[in-house]
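K.L.:
Sharing a structure here in structure tokens format.
The values are calculated or read from the model by the stated rules, or taken from the named source; none is laboratory data. Computed from a prediction, not measured in an experiment: that's the story for all the values here. Heads up, the Cβs are rebuilt from the backbone with ideal geometry, glycines too, and the neighbour counts pull from every protein chain shown.
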Amino acid sequence: MSLFFGKSLLSLLLLALAAYGMYTMFAVFGGGAAADLTDRLRKRHRVSGYLYVLLFLLISWLCIGFAAASKAELSPRSALHTLLALSMIALFLVKVLFVRVFRQLYGSVRNIGIAMGIMTFVLVGMSGGFYLTVSRFGQDRTTDRSMYYGLRGPLLTVVRTGRPEGTVIRSDRLSIERGRALFASRCAACHDPESTRTITGPGLKGLLKKPALPVSGHPPTAESIRFQLRQPLGSMPSFAYLSDEEMSDLIAYLNTL
């Protein structure tokens, strides 16, 4: 699972918690419920709020970690995403102050809660929702910029696990021969290079000449194959341990099939 896909799924859970928090808030402030039910709703609202904060912090940690590891310039969408997230943190702190310290302003808490709920919907829609839409819910991962990054250690530190390579496929004999040897030792047990018949995995004859890659349906490009090797679908094992040079050699050979 890529970093962006995992973060997007977490953002959907964040949206669900926000929706439940707003529901319990409306039920409490709307009145009409028995005293014991109102008390239970308050407790559920508090628990969902704690879970929301923890999940928000986790997602923020992953975003900050990716930004620090990739050192990439923020896109306009990412900049707006960051602005919304910082605004929500400020609103949450104000809400805590009104609830815990400045009780005379408690009446404003409802409006803050509504604002945070709406902002959560916008935030999730322009980040996780956007990614899940363009990736067809994680099926098309060729545009995933997090594919070269992973999580390490108990603190979930984001680290680079590879580096983007050019789309040019090597054609020199030495690369092809190295790729042939690599395929024979790592891939031939599951994939037939001479036909399209299935062994454990699909046959790879004419792999890069097809309209789409088998199983994943990704475009038949060098970048798609690199992604598949690092984060495979189905029962295929990961070959993320291969170096960039080895992957280039393997792709050079696959291009001859």
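K.L.:
Can you say whether Arg77 is under 17 Å from the mean Cα position of the chain (by Cα) and either surrounded by fewer than 16 Cβ atoms within 10 Å (Cβ to Cβ) or not in a helix (DSSP H, G or I) (or both), as far as the supplied structure shows?
P.N.:
On the way: under 17 Å from the mean Cα position of the chain (by Cα): yes; either surrounded by fewer than 16 Cβ atoms within 10 Å (Cβ to Cβ) or not in a helix (DSSP H, G or I) (or both): yes.
For Arg77, the condition - under 17 Å from the mean Cα position of the chain (by Cα) and either surrounded by fewer than 16 Cβ atoms within 10 Å (Cβ to Cβ) or not in a helix (DSSP H, G or I) (or both) - is met.
K.L.:
Would you check which residues across segment 208-257 are closer than 20 Å to Phe137 by Cα, of a type in the set (Gly, Ala, Ser) and surrounded by fewer than 16 Cβ atoms within 10 Å (Cβ to Cβ) and list them?
P.N.:
Of everything in segment 208-257, those that are closer than 20 Å to Phe137 by Cα, of a type in the set (Gly, Ala, Ser) and surrounded by fewer than 16 Cβ atoms within 10 Å (Cβ to Cβ) turn out to be Ala212, Gly217, Gly234, Ser235.
K.L.:
Could you tell me which residue of segment 96-112 is farthest from the chain's Cα centre (by Cα), considering only residues that are of a type outside the set (A, V, I, L, M, F, W, C) and modelled with pLDDT under 90? Can you show your working first?
P.N.:
Quick first cut of segment 96-112, residues of a type outside the set (A, V, I, L, M, F, W, C) only: 100, 103-104, 106-108, 110-111.
Then drop every residue that is not modelled with pLDDT under 90, which leaves 100, 103-104, 106-108, 110.
Numbers: Arg100: 36, Arg103: 40, Gln104: 42, Tyr106: 37, Gly107: 38, Ser108: 35, Arg110: 32 Å.
Among residues in segment 96-112 that are of a type outside the set (A, V, I, L, M, F, W, C) and modelled with pLDDT under 90, the one farthest from the chain's Cα centre (by Cα) is Gln104.
K.L.:
Moving to a separate point now. Any residue at all in segment 186-196 that is at pLDDT below 90, part of a loop (DSSP other than H, G, I, E, B), farther than 20 Å from Glu246 by Cα and assigned by TED's automatic domain parsing to the domain that holds Asp249?
P.N.:
We begin by selecting, within segment 186-196, every residue at pLDDT below 90; these are 196.
Those still in the list that are part of a loop (DSSP other than H, G, I, E, B) too: 196.
Checking the rest, the ones that are also farther than 20 Å from Glu246 by Cα come to 196.
Of the ones still in play, those that are also assigned by TED's automatic domain parsing to the domain that holds Asp249 are 196.
Within segment 186-196, one or more residues are at pLDDT below 90, part of a loop (DSSP other than H, G, I, E, B), farther than 20 Å from Glu246 by Cα and assigned by TED's automatic domain parsing to the domain that holds Asp249.
K.L.:
Turning to a different aspect of this structure: Take Thr38 and decide whether it is assigned to a helix (DSSP H, G or I), among the hydroxyl-bearing types (Ser, Thr, Tyr), in contact (Cβ under 8 Å) with a residue 24 or more places away in the chain and at negative phi.
P.N.:
Values: assigned to a helix (DSSP H, G or I): yes; among the hydroxyl-bearing types (Ser, Thr, Tyr): yes; in contact (Cβ under 8 Å) with a residue 24 or more places away in the chain: no; at negative phi: yes.
The answer is no for Thr38.
K.L.:
So Lys95 ticks every box in (1) surrounded by fewer than 13 Cβ atoms within 10 Å (Cβ to Cβ); (2) charged (D, E, K, R); (3) over 22 Å from Arg230 (Cβ atoms) but one. Which box is left unticked?
P.N.:
Going through the list (1) surrounded by fewer than 13 Cβ atoms within 10 Å (Cβ to Cβ); (2) charged (D, E, K, R); (3) over 22 Å from Arg230 (Cβ atoms), Lys95 breaks only (1).
K.L.:
While we're looking at this one, here's another question. Among the residues of segment 225-257, which ones are among the hydroxyl-bearing types (Ser, Thr, Tyr) and closer than 22 Å to Ile176 by Cβ? First the steps, then the outcome.
P.N.:
Going residue by residue through segment 225-257, those that are among the hydroxyl-bearing types (Ser, Thr, Tyr) are 235, 238, 241, 243, 248, 253, 256.
Scanning segment 225-257 gives Tyr241, Ser243, Ser248, Tyr253, Thr256.
K.L.:
List pairs: first residue in segment 5-34 and at negative phi, second residue of a type in the set (D, E, K, R) anywhere in the structure, Cβ distance under 6 angstrom, at least six positions apart or on different chains.
P.N.:
That search, which allows pairs on different chains as well, returns Thr24/Arg44; Val28/Arg42; Phe29/Arg110.
K.L.:
Hey, among the residues in segment 202-257 that are among the aromatic types (Phe, Trp, Tyr) and in contact (Cβ under 8 Å) with a residue 40 or more places away in the chain, which one's farthest from Arg186 (Cα to Cα)? Talk me through it step by step, then tell me what you get.
P.N.:
Filtering segment 202-257 down to residues among the aromatic types (Phe, Trp, Tyr) leaves 227, 239, 241, 253.
Cutting the leftovers down to in contact (Cβ under 8 Å) with a residue 40 or more places away in the chain gives us 227, 239, 253.
Values: Phe227: 17, Phe239: 9, Tyr253: 13 Å.
Of everything passing the filter in segment 202-257, Phe227 is farthest from Arg186 (Cα to Cα).
K.L.:
If only one of Leu105, Leu123 is part of a helix (DSSP H, G or I), within 15 Å of Ala18 (Cα to Cα) and of a type in the set (A, V, I, L, M), which one is it? Can you show your working first?
P.N.:
On the way: Leu105 fails: within 15 Å of Ala18 (Cα to Cα).
Just a single option satisfies the conditions, and that option is Leu123.
K.L.:
Let me ask another. Being in a helix (DSSP H, G or I) and basic (Lys, Arg), is that true of even one residue in segment 55-72? If you could, list the steps in order and put the result at the bottom.
P.N.:
Restricting attention to segment 55-72, the residues satisfying the condition of being in a helix (DSSP H, G or I) are 55-70.
Cutting the leftovers down to basic (Lys, Arg) gives us none.
The answer is no, given that none of the residues of segment 55-72 is in a helix (DSSP H, G or I) and basic (Lys, Arg).
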